[in-house]
Amino acid sequence: MKFTKEIQIALVAIVALIVLYFGLNFLKGLSIFSSSNTYCLAFEDVSGMSNSSPVYANGYKVGVVEKIVYDYENTKKIVAKIGVDKAMRIPVGSHAELSSDLLGNIKINLVLSDNPLKFLSVGDTIPGMIEQGMMGKAAELVPAVESMMPKLDSILTSLNQLLADPALRNTLHNVEGMTANLNQTSVDLRRLSASLGNEVPSMMKKADGVLDNTQQLTANLSAVDVASMTAKVNQTLANVEEMTRKLNSNEGTLGLLMRDASLYRNLSATAADADSLVKDLKAHPKRYVHFSVFGKKDK
């Protein structure tokens, strides 16, 4: 049997269509050769969901969305048929959450219940809901952000006024000058520390010499017989006290001279007579001394 060119072209086209079909399904994530169980998900809003959207359970991909059916009679009910791996058993009480990431990618998370005995049958409907997620929380923050915008605008205006104030520029210049002064002070402190480091050894040597002299002085003071010196001082004081007592009394010449007025007058008179005699002797020495070569001459 011979294949004409028309038949060959037809066969190539059929094979190409088959390959294209399987390729598109593969790119969509639909399983072609492996069988899966079909379940229904009921949502009120499927924004962003499309055929081949992934279905996850505990973060693991277990299936994809195969078809979305819109109920025109009940507009609040949209059914999404999903194909789930046959090995996956969904407990009764589970639900599905429609979520999106920051990039807008949509996925369905199966939140499995803790019922280990009862499982959903193939084709059963699983209730669905929209997971709030980060985007939902961000949307809730929008009103608060809008209410804060006037305050932020006021703050920015005040900040602009502050930055335009010449006093701020002057302050910055002063801070720059202070920084330069602090740097210079640091350099001076380092120099002072270096000089002190050089002088400390000599100062330590002088201090050691002073300590040695102090120790020597302490040793000399320790060698002094304080008791003997004290006894001598006490004896001297006693003698002085005794001499003072005698001077104050009538005993002895000094005591009499100090306390007897008549003795003082007599001594004064005697001294005056002696002085007069000396003067007369000087004035008339011949009255008192006679020299004669031939003997005494009677007057």
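Among the residues that make up the range 75-94, is at least one of them more than 24 Å from Ser36 (Cβ to Cβ) and modelled with pLDDT under 90?
Scanning the range 75-94, I find at least one residue that is more than 24 Å from Ser36 (Cβ to Cβ) and modelled with pLDDT under 90, so the answer is yes.
Consider Asp85 carefully, then state whether it is in contact with a Gly (Cβ under 7 Å, 6 or more places away or on another chain), open to solvent by 60 Å² or more (accessible area, probe 1.4 Å) and closer than 20 Å to Tyr60 by Cβ. Break it down into steps so the answer makes sense when it comes.
Values: in contact with a Gly (Cβ under 7 Å, 6 or more places away or on another chain): yes; open to solvent by 60 Å² or more (accessible area, probe 1.4 Å): yes; closer than 20 Å to Tyr60 by Cβ: yes.
Against the criterion (in contact with a Gly (Cβ under 7 Å, 6 or more places away or on another chain), open to solvent by 60 Å² or more (accessible area, probe 1.4 Å) and closer than 20 Å to Tyr60 by Cβ), Asp85 qualifies.
Taking the range 39-67 only, how many residues are within 17 Å of Leu110 (Cβ to Cβ) and either open to solvent by 50 Å² or more (accessible area, probe 1.4 Å) or in contact with a Gly (Cβ under 6 Å, 6 or more places away or on another chain) (or both)? Don't jump to the end; show me each part of the working.
Start the filter on the range 39-67 by keeping residues that are within 17 Å of Leu110 (Cβ to Cβ), which leaves 39-43, 46, 49, 52-66.
Within this subset, residues satisfying the condition of being either open to solvent by 50 Å² or more (accessible area, probe 1.4 Å) or in contact with a Gly (Cβ under 6 Å, 6 or more places away or on another chain) (or both) are 41-43, 52, 55-56, 58-61, 63-64, 66.
Adding up the residues that qualify gives 13.
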**Complete:** Apart from one, (1) within 30 Å of Tyr264 (Cα to Cα); (2) in a helix (DSSP H, G or I); (3) modelled with pLDDT under 80 all hold for Asn250; the odd one out is (2)
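Would you be able to say whether some residue in the range 188-207 is within 30 Å of Ser158 (Cα to Cα), at pLDDT 80 or above and either part of a helix (DSSP H, G or I) or touching a Lys or Arg at 6+ places or on another chain (Cβ under 9 Å) (or both)?
The answer is no, given that none of the residues of the range 188-207 is within 30 Å of Ser158 (Cα to Cα), at pLDDT 80 or above and either part of a helix (DSSP H, G or I) or touching a Lys or Arg at 6+ places or on another chain (Cβ under 9 Å) (or both).
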**Request:** Check Leu20, Leu41, Leu112 and return the single one that is of a type in the set (A, V, I, L, M) and at pLDDT below 85.
**Result:** Leu20
**Request:** Note down all Cβ pairs under 7 Å where the first residue falls in the range 84-100 and is over 16 Å from Asn51 (Cα atoms) and outside any strand (DSSP E or B), the second is open to solvent by less than 40 Å² (accessible area, probe 1.4 Å) and not hydrophobic (A, V, I, L, M, F, W, C), and they're at least six residues apart or on different chains.
**Result:** Lys86/Asn37; Ile90/Tyr39; Val92/Ser113; Gly93/Ser113; Ser94/Ser113
**Complete:** Within the range 95-108, residues open to solvent by 30 Å² or more (accessible area, probe 1.4 Å) and within 18 Å of Asn37 (Cβ to Cβ) come out as His95
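The values are calculated or read from the model by the stated rules, or taken from the named source; none is laboratory data. From a predicted model like this one, the values you see are computed outputs, not experimental measurements. Positions of Cβ are generated from backbone atoms using ideal geometry, with glycine treated the same way; all protein chains shown enter the neighbour counts. Accessible surface areas use protein heavy atoms only, side chains included; no ligands, DNA or RNA. Shrake-Rupley method; radii C 1.70, N 1.55, O 1.52, S 1.80 Å.
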